[in-house]
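Chemist: Dropping the structure in here first, questions after.
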Amino acid sequence: MGGKWKRQFKRTAAWAAAFVFAVSSVCYGAEGAGTAKETVWYPPKEHADVDFSQMEMEPYQLSDMDGAVERLAQATAAEGQEEEVQKRYEELLREVDRMETAVCLADIAYSRDMSDSAASGEMERLRSLYPEATDRAVTGIQAALNSSYGPLLEEEMGKDMARSIRHYEKLDPELVELYEQEQNLITEYDRASTQDYQVQVDGETWTYERLENEKDPSSEQYSEIRIALNRERNRTVGEIYLQLVRVRVQIAAEYGYDNYADYAYSYVYGRDFSTEDMARIRGDIKERIVPLMEDVWYADVDYSPLYDLEPESGEAILDVMEPHLGEISGELEEAFRYMRLHGLYDIRPSGEGESRSGGFTTSLPFYGDSYLFITQEEDYRDYLSVFHEFGHFASVYYDPTPSLFQNGYVDVSEIQSQGMQMLLMTFSDDMFGYAGRAMEAEAVSDLLDSIIAGAMMDEFETAVYAEPDMTLEDLNRLFWNLANDYNIWYFDFDGNACYDWDEVPHLFHSPLYYTSYCTSAFPALKLWLDIPDNWDGAVRQYMSLSAMGTQLPYREALKECGMGDIFGENALADLDGQVRERMGLSEEVEPETGADSQTLPENRGTGPDMQAGVSMLILCGIGLVAVLQLLILCVGFVIIWLLVKDRNGRDSR
């Protein structure tokens, strides 16, 4: 197949992996923000006003979709049935929403305890059903478009979408087989990633659980045992990744791509920037943002108050943020209160014996709602996670686009979450009192680290897919080299090898997704920089972006909202200077302790928080197992559509 097709895929998956990075650092708080004007930003949308506890559905069956498709076909078989055709067309779209919601409800149940065999079995069943059901829906609409009612339906859905559906074609059997292999390997990874690994050290048997319970993380033996466990895990999980790489290279070749990374950028994510564009800014990230992060890290901010912020419950976190959402937008406040009223969230730590997912927001399109899921860490980072996820929630909640027609530009979705986090930092003193300055500093340092870690992971993945015959030893050495290049010290190093990459589930579930954290952090930081002098302007830009959903790609969406992107001329150099000015870091701050020592500044505390960086980098280590499986389905099976910006589409006009 030619490489000229792009993917248009479901929004549910696009929002699945919204996670907050927490490599601690410093900055100075914004003051003097005004109150946002009440404006109608979002398009109208109906909501069911149904409590989540009442959202129960019968197990979804292919026959449900077949019935809706057949009714549309019958309506288009006779002349003079315009009203009936329109009714049946809308009914079919609604049926797709119902199926999508059934999948998401099952996903939420699975995410609450991934060791639950019944929940796992239902997810497996729906994964198998989902692509075939969606294919039947699209081919049903395609047939209706080719009937005498084509002009009517084209007016309903728009010319671009109609053209996309007319160009739809079923996957070749060879591709179906490759996608099945890919999904089987992902399932194998899911099981391997939660396996209870054990090693012998000094004659004793150790597991991760025993290590965390019995050893001080600052001790030498803790590091020795942890590296041994990581090495053992890497032998199993790493081999699965090598197999995934080989399968994905074959998939890309089927679409005419020499390199899987290029395929993923254009075909899976529909990005309006290339792997070459990312490669071009890596130098500035290493030369500008890495030193900035180091200077920020050692600046004079007392972080100790953060360790006193241990929310008693998810409700306590929501209570803290609710009074301030209306100061940004009354519509955000309305969505937030609706979320609480109908219980559209699950914010709590894992219970005894539970294997909960990480954090995500998903769509419930049949009810016109969205759902927020977070497994609490039971420390200050829980606040940032909830702020982040609510940015996703609001955009999904207000988006009226039928799920079948939604794009999923993840680079934009992550700006909506990170931007919400930074707007709320305006009120950090009111929310957190004496810890407010440290919390805002932490939020800003998250974004600096997102730029660095996102670029590093992108460089790792593009290198792997450029040379798919690498051995496991090659991968571990490559990651070690990159960790040194980007001065990311919080990984565990075993000589010239580093195994921590295999704990990042994005690589397995959604390759090349991690880039989004880098690209999205830049405009979110720019919003934060604008707040002191132009609060209304920052709010206007953020709300414009939130209201457009994820229907436009990264650079186009930011241009539409009057915001710059990370690829602009001197963008990172300017960001470096602006952050330094805002934080009073015009000159370099010499670290008290070298980065190679892997110790925290004294005022940041010790113990478990030495693992904060890597733990937040892989916070979705369980979370992506749940929701991003839907992304893989969409990448692998569902609809091959011609996007508006596709070359063939332009030529056909």
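Chemist: If I model a spin label at Asn534 and Glu354 as a point 7 Å from the Cα along the Cα→Cβ vector, what separation in nanometres do I get?
Modeler: 4.4
Chemist: Oh, and also: Using the crude model of +1 on Lys and Arg Cβ and -1 on Asp and Glu Cβ, and no other charge, please compute the dipole size for the stretch 71-222 relative to its Cα centre, in debye to 20.
Modeler: 680
Chemist: At a 10 angstrom cut-off on C-beta neighbours, averaged per residue, how do the peptides 256-266, 413-423, 153-163 rank from highest to lowest?
Modeler: Highest to lowest by the protection proxy: 413-423, 256-266, 153-163.
Chemist: Sort 167-176, 483-492 for me by packing, meaning the mean count of neighbouring Cβ atoms within 10 Å per residue, highest on top.
Modeler: Details: 167-176: 13.8, 483-492: 18.4.
Result, highest mean Cβ count within 10 Å first: 483-492, 167-176.
Chemist: Using a probe of 1.4 angstrom, how much of the accessible area of the stretch 189-314 is carbon and sulfur, in percent?
Modeler: Ligands and nucleic acids excluded, carbon and sulfur give 39 percent.
Chemist: For Gly359, enumerate residues with amide H under 5 Å from its amide H, sequence gap 5+ or separate chain, H modeled in the peptide plane.
Modeler: Thr375, Gly623
Chemist: Here's a follow-up. Using Cα-Cα distances under 8 Å and only pairs 6 or more residues apart, what relative contact order does the stretch 82-208 have, in percent?
Modeler: Working: 51 pairs, mean separation 20.7, N = 127.
With pairs under 8 Å counted, the relative contact order is 16 percent.
Chemist: Normalising by the residue count of the stretch 358-514, find the relative contact order in percent from Cα pairs under 8 Å and 6+ residues apart.
Modeler: Over the stretch 358-514, the number comes to 14 percent.
Chemist: Taking a spot 7 Å from the Cα of Glu56 along the direction of its beta carbon, which residues of the stretch 87-101 have an amide N less than 20 Å from it?
Modeler: Answer for this model: 98-101.
Chemist: Quote the charge dipole size of the stretch 209-252 about the Cα centre in Debye, to the nearest 20; the model charges only the Cβ of Lys and Arg (+1) and of Asp and Glu (-1). Show your work: numbers first, answer last.
Modeler: Values: 8 positive and 8 negative charges, 87 e Å.
Charge dipole, the stretch 209-252, about its Cα centre: 420 debye, nearest 20.
Chemist: Please give the FRET efficiency for Ser218 paired with Asp49, using the beta carbon to beta carbon distance and R0 = 45 Å, rounded to the nearest 0.05.
Modeler: Efficiency at R0 = 45 Å is approximately 0.30.
Chemist: How large is the dipole of the stretch 244-378 about the Cα centre if only Lys and Arg carry +1 and Asp and Glu carry -1, each at its Cβ, rounded to the nearest 20 debye?
Modeler: 840
Chemist: Going by average Cβ density within 10 Å per residue, which order do the peptides 566-578, 326-338 take, highest to lowest? Mind showing how you got there, number by number?
Modeler: Values: 566-578: 16.7, 326-338: 19.5.
Top to bottom by mean Cβ count within 10 Å: 326-338, 566-578.
Chemist: Something else: Under 18 Å from a label point 7 Å along Cα→Cβ of Glu378: give me every residue in the stretch 211-240 with its amide N that close.
Modeler: Output list for this probe position: 211-217.
Chemist: I want to check the label-to-label distance for Asp308 and Ser147. Put each point 7 Å from Cα in the C-beta direction and report it in nm to one decimal.
Modeler: Between Asp308 and Ser147, the label points sit 6.9 nm apart.
Chemist: While we're on this one: Contour minus end-to-end for Thr207 and Glu322, with contour as 0.36 nm per residue of separation and end-to-end as the Cα-Cα distance?
Modeler: Length gained between Thr207 and Glu322: 37.3 nm.
The values are calculated or read from the model by the stated rules, or taken from the named source; none is laboratory data. Note that the coordinates shown come from a computational prediction; the quantities given were computed from them, not determined experimentally. So basically every Cβ, Gly included, is an ideal-geometry build from the backbone, and we count neighbours across all protein chains shown. What goes into the accessible areas is simple: the full protein's heavy atoms, side chains included, and nothing from ligands, DNA or RNA. Shrake-Rupley method; radii C 1.70, N 1.55, O 1.52, S 1.80 Å.
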